[in-house]
1. Can you tell which of Gly132, Gly97 is surrounded by fewer than 16 Cβ atoms within 10 Å (Cβ to Cβ) and in contact (Cβ under 8 Å) with a residue 60 or more places away in the chain?
2. For the subset of segment 79-93 comprising residues that are assigned to a strand (DSSP E or B) and without any contact (Cβ under 8 Å) to a residue 24 or more places away in the chain, which member is farthest from Val63 (Cα to Cα)?
3. For residues that are surrounded by 15 or more Cβ atoms within 10 Å (Cβ to Cβ) and not aliphatic (A, V, I, L, M), scanning just segment 135-147, find the one that is farthest from Ile67 (Cα to Cα).
4. Given (1) at pLDDT below 95; (2) of a type outside the set (D, E, K, R); (3) within 21 Å of the chain's Cα centre (by Cα), where does Gly121 come up short, assuming only one miss?
5. Would you check if there is a residue in segment 103-118 being open to solvent by 70 Å² or more (accessible area, probe 1.4 Å) and in contact with a Gly (Cβ under 7 Å, 6 or more places away or on another chain)?
6. Considering each residue of segment 118-147, count those that are of a type in the set (D, E, K, R) and not in a loop (DSSP other than H, G, I, E, B), and give that number.
7. Residues in segment 148-157 that are open to solvent by less than 60 Å² (accessible area, probe 1.4 Å), part of a strand (DSSP E or B) and not small (Gly, Ala, Ser): how many?
Amino acid sequence: MQIIKNEASKRSLRRNHVLSIALAILFLITNFFILNSCSSSDDDDYQKKEEEAAHYYVKYEVVFHGIGSNYIHNVTIGYISEKGHCSVSQHALSWDGTFGPFKPGTTVEVNAFCDRVNSRGNNSARLSVCNGNGPFVLKAETSKLGENSVSVKYSIQETD
């Protein structure tokens with residue numbers, strides 16, 4: 001009789017042990033989902049605030065007047081994008097690019113150099129800013145007669 005009691009007691013202990021493990025696993029899974037849903041909501045709120053603050057876009061335009069089509073022109077352009085300082089080298093005499101989003105207070109700029117320019121050519125750089133889906137508004141422009149480098153710089157304002 002005692003053997004049967006011990007067997008029943010062992011089965012009961014095993015059942016309790018399995019039940020305890022199942023409850024612990026259920027507790028861990030529930031906590032995992034609760035914590036992930038909370039942090040996801042916080043991340044979404046933070047991301048929305050970041051997107052609201054960073055909705056300005058910048059359009060750069062650079063034009064050089066070369067010395068003729070028989071020459072290869074080497075043009076180097078440095079600019080600020082949403083990723084930081086960038087540059088491009090090309091043979092074309094004009095370049096434009098649109099970048100963003102940027103936050104208010106960000107200083108953006110474009111610097112360009114051409115190795116061979118027409119001494120009577122009007123070389124220029126322009127910088128325009130738009131707020132969200134609004135139109136681009138010219139914020140900075142330079143035009144230099146016969147010079148081989150141009151640059152413009154502007155700090156984005158909350159009122160842009």
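1. Values: Gly97 fails: in contact (Cβ under 8 Å) with a residue 60 or more places away in the chain.
Within the list Gly132, Gly97, the selection yields Gly132.
2. Gly84
3. Filtering segment 135-147 down to residues surrounded by 15 or more Cβ atoms within 10 Å (Cβ to Cβ) leaves 136, 139-140, 142, 144, 147.
Next cut, not aliphatic (A, V, I, L, M) only: 136, 139, 142, 144, 147.
Details: Phe136: 31, Lys139: 29, Thr142: 20, Lys144: 15, Glu147: 12 Å.
Of everything passing the filter in segment 135-147, Phe136 is farthest from Ile67 (Cα to Cα).
4. Against the list (1) at pLDDT below 95; (2) of a type outside the set (D, E, K, R); (3) within 21 Å of the chain's Cα centre (by Cα), Gly121 comes up short only on (3).
5. Taking every residue of segment 103-118 in turn, at least one turns out to be open to solvent by 70 Å² or more (accessible area, probe 1.4 Å) and in contact with a Gly (Cβ under 7 Å, 6 or more places away or on another chain).
6. Number satisfying all stated conditions: 4.
7. Number satisfying all stated conditions: 3.
Okay, residues lined up against (1) among the small types (Gly, Ala, Ser); (2) part of a strand (DSSP E or B); (3) at pLDDT 95 or above:
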{"residue": "Phe32", "(1), (2), (3)": "no, no, no"}
{"residue": "Ser39", "(1), (2), (3)": "yes, no, no"}
{"residue": "Tyr57", "(1), (2), (3)": "no, yes, yes"}
{"residue": "Gly68", "(1), (2), (3)": "yes, no, no"}
{"residue": "Thr76", "(1), (2), (3)": "no, yes, yes"}
{"residue": "Phe99", "(1), (2), (3)": "no, yes, yes"}
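The values are calculated or read from the model by the stated rules, or taken from the named source; none is laboratory data. It should be emphasised that the depicted structure is a prediction, and the values quoted were computed from it without experimental measurement. Positions of Cβ are generated from backbone atoms using ideal geometry, with glycine treated the same way; all protein chains shown enter the neighbour counts. Just so you know, the surface numbers come from the protein's heavy atoms only, side chains and all, with ligands and any DNA or RNA stripped out. Shrake-Rupley method; radii C 1.70, N 1.55, O 1.52, S 1.80 Å.
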